[in-house]
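Every number in this text was worked out from the coordinates using simple rules, so none of it is lab data. No experiment lies behind these values; they were computed from the predicted model shown. Methodologically, a virtual Cβ is constructed for each residue, glycine included, from the backbone with ideal geometry; neighbour enumeration extends over all protein chains shown.
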Amino acid sequence: MYVADTIAAISTALGESAIGIVRLSGEDAIKIANSIYQGKDLSQVDSHTIHYGHIIKPQTAQIVDEVMVSVMRAPRTYTRENVVEINCHGGVVAVQRILEATLDAGARLAEPGEFSKRAFLNGRIDLSQAEAVMDLIQAKTNKAMDASLDQLQGSLSHKITSLRQRMLDTLAQVEVTIDYPEYDDVEELSTQELQQTAELVQKEIQAIMHQAQSGRLFREGIQTAIIGRPNVGKSSLLNALTGFEKAIVTNIEGTTRDTIEEYVNVRGVPLKLIDTAGIRQSDDIVEQIGVEKSKKAMDAADLIILLLNQAEALTDTDRELLELTKDQTRIILLNKQDLAPVLKLDDLRPYADQEEIIQTSMLNESGLDALEAQIETKFFSGNIESKDVNYLLNTRHTQLLKQAIQALTEVLEGTELGLPVDLIQIDFTRAWDLLGEITGESVQDELIDKLFSQFCLGK
Ligand code: GDP
Ligand code: ZN
């Protein structure tokens, strides 16, 4: 059973900021806040109102901070429980002290993601929306942010729900057949209906997955490997790229202790510069670990930027790299245009038939616009920007969608083989169930706990 005790957490980012917010949610949220608040009687105020006053230590009446307190009564709140938000002065100390005061007064420190978990458990949001909250917290660029917001409002849920509704209609018709097996042609019609719906749903799922691929790229960043033999200008390019949007460049500690991922934002496209042997120390993948081993990094990349030096003739390494990357999404740069030309565009045609080759000089910073433009068109050429295609799927969604496609394939094979309708119906129902797991209509508690524990504290 789910016990709704009252939880509290700091819901603004820790550190220097003008204000901080401590949030309480649960049956006793207002009562607890009232016991440490001096100003007026919060139990008497209207819902969704905000009040000036002080947080005090009840025993000594000593003032902790000057605050604005928002009171929001269930059910019209984020968690559908009573919610109180205490806006106080920013900075670590003030918010910590207020949080402590709420805990002393009977609240329990929230687990990471517990507010969103409650919102889910109380039916306020479904699972894919909850996951979108998590994405929102982690969104790396504005476009990723939009996609998360979109999903929060339920674009994926709506899509899945409408597909499931359609499947349910079909299942209802099939039930009729099973109830009245004496009508032969009804069975045939049912099989047809199952087949048509299965085909349609399968197509729709494939479309979602296709569109979501762009979504994934937005959320996680486009894995980009900068390659080329030593001294062609890789470090210079990296510096130029990270210089595009200094403010948005972040160093994110990776999962392993000493990996650093560089995120840069190129015209709204988030690039995650792949750290193979530590981009920071040395970007020279080829130099460091040899062509063979750098293959791996290249395979993992969504995008490869291959640099060549136009002041020198093509070398074997250049040729090898051109060959190795020919089937991947790549951009070829012919760098050092400021020096006397040796390597000509025509010399490259055997290795890069129709591809646009960008002439750059990292020294003069020329050609970078063309590079930016090419990165942009490569990833916006789909309809990524159109609103309703911004699904962000995580691994769990993708797994479920794949399984659903598989189950539907079995439905289609069944109809082809002329299997009895009640057998086909089993796979069809399984697909319906799997889709339900995306929106959380059939998820187990364990999964819920796991998902919500990934949230930041205070969300
Ligand atoms: P990496 O070994 O591929 O990372 O190459 P670096 O970026 O470290 O560059 C090697 C050398 O080439 C440095 O001295 C750079 O200043 C120089 N360099 C890089 N790009 C250009 C360019 O476009 N023109 C000229 N003239 N020199 C460049
Ligand atoms: Zn370098």
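Applying the Karplus relation 6.51 cos²θ - 1.76 cosθ + 1.60 with θ = phi - 60° to the stretch 422-434 yields 3J(HN,Hα) values of 6, 6, 4, 4, 4, 5, 4, 5, 4, 4, 4, 4, 4 Hz, where x marks Gly and Pro. Along the axis of the charge dipole computed for the stretch 7-126 (Cβ charges of +1 for Lys and Arg, -1 for Asp and Glu, origin at the Cα centre), the listed residues Ile10, Ile55, Asn34 are led at the positive end by Asn34.
Taking amide H positions as modeled 1.01 Å from N, with prolines and chain starts lacking one, the residues under 5 Å from Asp28 and 5 or more places away or on another chain are Thr6. Under 5 Å from the amide H of Val266 lie the amide H atoms of Leu271, each residue being 5 or more positions distant or on a separate chain, with H modelled from the backbone and absent for Pro and chain starts. Across the stretch 93-105, rounded Karplus estimates of 3J(HN,Hα) from the backbone phi angles (6.51 cos²θ - 1.76 cosθ + 1.60, θ = phi - 60°) give 5, 4, 5, 4, 5, 5, 4, 4, 4, 5, 5, 4, 7 Hz, Gly and Pro being marked x.
Each residue, Thr429 and Thr398, gets one label point 7 Å from its Cα in the Cβ direction; the gap between the two is 3.1 nm.
Whole-Hz Karplus values for the stretch 319-326 come out as 4, 5, 5, 4, 5, 4, 9, 5 Hz, taken residue by residue from phi with 6.51 cos²θ - 1.76 cosθ + 1.60 and θ = phi - 60°; glycine and proline positions read x. Charge dipole of the stretch 7-126 (Cα centre as origin; +1 on each Lys and Arg Cβ, -1 on each Asp and Glu Cβ, all else neutral): 240 debye, rounded to the nearest 20. Gap in Å between the Cα centre of the stretch 113-131 and the Cα centre of the stretch 308-362? First find each Cα centre; the distance between them is then 51 Å. Charged neighbours of Leu412, selected by a Cβ distance under 12 Å, balance to -4 (K, R count +1; D, E count -1). Length gained on full extension, Asp169 to Lys57: 34.4 nm, using 0.36 nm per residue less the C-alpha separation. Annotation: extensible slack from Thr329 through Gln38 equals 98.5 nm (criterion: 0.36 nm per residue apart, minus Cα-Cα distance). Spacing of the modelled spin labels on Lys203 and Asp46, each 7 Å from Cα toward Cβ, amounts to 5.2 nm. Taking the Cα-to-Cβ direction at Leu412 and at Glu372 and moving 7 Å from each Cα, how far apart do the two end points lie in nm? Result: 4.4 nm between the two label points. Close amide H partners of Asp65, meaning residues 5 or more places away or on another chain with modelled amide H under 5 Å apart, are Ile55.
Shape class of the stretch 335-380 from the alpha-carbon gyration tensor: oblate, with a/c at 1.5 or above and b/c at least as large as a/b.
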